[in-house]
Amino acid sequence: MMHSRDLQKLEGVLSPSHLEEMEFAHTLRQSKVNIKICQYSNELLMQYLRKSKCTIILGIVNEHINFQVSPGQPISISDDPDAVTLIGSSQDAANQINKKEIRWGLLEDSIEERLEKTGGFLSDSEKTEGETKEGDMDENKKRSIDGGKQGASIKKSKKDKAASATTKIARPEANTVSAAPRVKPELPLPVISFRPAEVEQSILEDLRNRVQLSSVTLPSVSFYTFINTHNGLNCSSISHDGSLVAGGFSDSSLKVWDMAKLGHQAGNSILQGENDAAPSEQGQSTNSGKRSYTLFQGHSGPVHSATFSPLGDFILSSSADTTVRLWSTKLNANLVCYKGHNYPVWDVQFSPVGQYFASASHDRTARIWSMDRIQPLRIMAGHLSDVDCLQWHANCNYIATGSSDKTVRLWDVQSGECVRIFIGHRSMILSLAMSPDGRYMASADEDGTIMMWDLSSGRCISPLIGHNSCVWSLAFSCEGSLLASGSADCTVKLWDVTTSTKAPRTEESKSGNTNRLRLLKTLPTKSTPVYTLRFSRRNLLFAAGALAKSQ
């Protein structure tokens, strides 16, 4: 039922004093509700109110409800995200804020741009001539550089073969990422000249062999399943190349698995959180009795979020103990403890270039940090409830935050100012994703609804209806043509982004249909809610979740 949570809040109002104390009731009394209704339904309602002489209800309608009457027959309100919205002071403020200009382009001098300038992307003729030979060479190079990362070597070879086989067909398609405008960074970016040559070479190889996905070329999926977690797994994270998988647990521990080592030991992608027959700190064991994961201890409360740096050499974790901790995956040690929030920290995310990161908390704020400073650089305040999730824009100049107040806000990292408010969700926001070209944003809520937003206008392009439970993770493919969503309903869904964003809204509105993304495929797990999703640089989709006991 729509707005069921709001009605549950109002059930607790038993006296006038309750109304004075409840912030939500204040908002309702000071604002008007905007309701879309067809002409036929509006006439029936007004006739009934006049005939029954319901003057009190008519007064309430005139004071607190604004009907937007449209011609035509009634349609389901689930097809329209703006069917019932709150207007008044809050909506007026949102409209005023959404008039501000934002620059959604990509950063100048990115590694993709440099690769294009130097002719790094192969032409179709070059690829056709040397496809087989290059596929074998790339496979050998990656083995020597990464030392068997991305899990077992069988998975690696499959990925490379898929890349070389499909690239020939898919390359001629336009690359929306390269067509995006270029902007300058507002925050000073770290110098990347120290990046090891073999690391940059590995990134370039991945970009050259990237599979161009589309509605007819869907990604391969590598799913990591946590078992024996005893409901103790709160979050999971996967490094950019899929070689490391992290899990945050209720016992305040953070555990990181190296998939290359796990592949040699077990030959599969099953991760054990805790072993039934061993102490709680003992995970899946080898014959020598050693743990198959690296245990990071330091938090004094449940770990709610974890994120890897772009190169995988650092990992951040946030906890109910109000802190964020920085760990080194090379030294296997805690480097810094960041204190600033006053309540549990629900989410933490590295920026696309590293160095900076952002945190979201129960204290209704999001904060921007630099790895080399223990105090936050910016504090973004404005949400009316918990900030549950956040996501960096591709150009690092903006941060999006999702809240329990059912709104998403976009913030300028330089000024800390809110530049967009996205209104339309009917429950708390649980996950966000930015398109690679920086033009669009996807948000998902507790009810399973996903919305696609245009950052320039602040309007919803498409509601995505399909999940029947919380959507915990969203991820765009590298060229931005597909959106993947992972849910508590134990499915991964793939959505076609390009067909929806190209469709003109005028034609849609004339026909009376809403502009929806096309669901391409649903990938069910056996009994595993999907905690996290990530596309690798080669467009392989990684996913992770904890096996749930069947009822």
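The values are calculated or read from the model by the stated rules, or taken from the named source; none is laboratory data. No experiment lies behind these values; they were computed from the predicted model shown. Counting neighbours? That spans all protein chains shown, and the Cβs are built from the backbone with ideal geometry, glycine included. Note: areas computed on protein heavy atoms with side chains; ligands, DNA, RNA excluded. Shrake-Rupley method; radii C 1.70, N 1.55, O 1.52, S 1.80 Å.
Quick look at the values:
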quantity: Relative compactness, the range 198-247, computed as alpha-carbon Rg over 2.2 N^0.38 Å; calculated: 1.57
quantity: Heavy-atom accessible area per residue - the range 332-371, 1.4 Å, Å²; calculated: 35 Å²
quantity: Solvent exposure, largest accessible area first (probe 1.4 Å, DNA, RNA and ligands not counted), of Arg50, Arg208, Arg538; calculated: Arg50, Arg208, Arg538
quantity: Simple label model, 7 Å out from Cα along Cβ direction - Val216 to Val183, nm; calculated: 3.5 nm
quantity: Gain upon complete extension [Ser15, Gln414; 0.36 nm per residue less C-alpha separation]; calculated: 139.1 nm
quantity: Projected area averaged over orientations for the range 375-443, convex hull of C-alpha atoms, nm²; calculated: 4.5 nm²
quantity: Potential extension, Asn62-Lys100 segment - 0.36 nm per residue separation minus Cα distance; calculated: 10.5 nm
quantity: Long pairs among Lys261/Lys339; Lys521/Lys549; Lys261/Lys521; Lys184/Lys255, criterion Cα-Cα beyond 30 Å; calculated: Lys261/Lys339; Lys261/Lys521; Lys184/Lys255
quantity: Surface accessible to a 1.4 Å probe, Lys521 within the full protein complex, Å²; calculated: 100 Å²
quantity: With DNA, RNA and ligands ignored, accessible area of Lys184 (1.4 Å probe; Å², nearest 10); calculated: 130 Å²
quantity: Heavy-atom SASA rank of Glu205, Glu11, Glu20, Glu101 (probe 1.4 Å, accessible area, largest first); calculated: Glu101, Glu11, Glu20, Glu205
quantity: Ranked order, Glu446, Glu43 - accessible area, probe 1.4 Å, largest first; calculated: Glu43, Glu446
quantity: Over the range 345-407 - Rg/Rh using Cα atoms and the Kirkwood inverse-distance radius; calculated: 0.95
quantity: Carbon/sulfur fraction of accessible area - the range 283-424, other protein chains in place, 1.4 Å, %; calculated: 46 percent
quantity: Amide H contacts of Ser403 (H built 1.01 Å from N, under 5 Å, at least 5 apart or other chain); calculated: Asp388, Ile429
quantity: Rg ratio (alpha-carbon, reference 2.2 N^0.38 Å) - the range 338-476; calculated: 0.97
quantity: P(r), alpha carbons of the range 430-473 - 10 Å bins starting at zero, rounded %; calculated: 31, 52, 17
quantity: Contour minus Cα-Cα distance for Leu519 and Ser52 (0.36 nm per residue); calculated: 163.5 nm
quantity: At 1.567 mPa s and 4 °C, Stokes diffusion of the range 411-493 via Kirkwood alpha-carbon radius, µm² per second; calculated: 98 µm²/s
quantity: Förster-model FRET efficiency, 51 Å R0, Leu44 and Leu384, C-beta, rounded to 0.05; calculated: 0.90
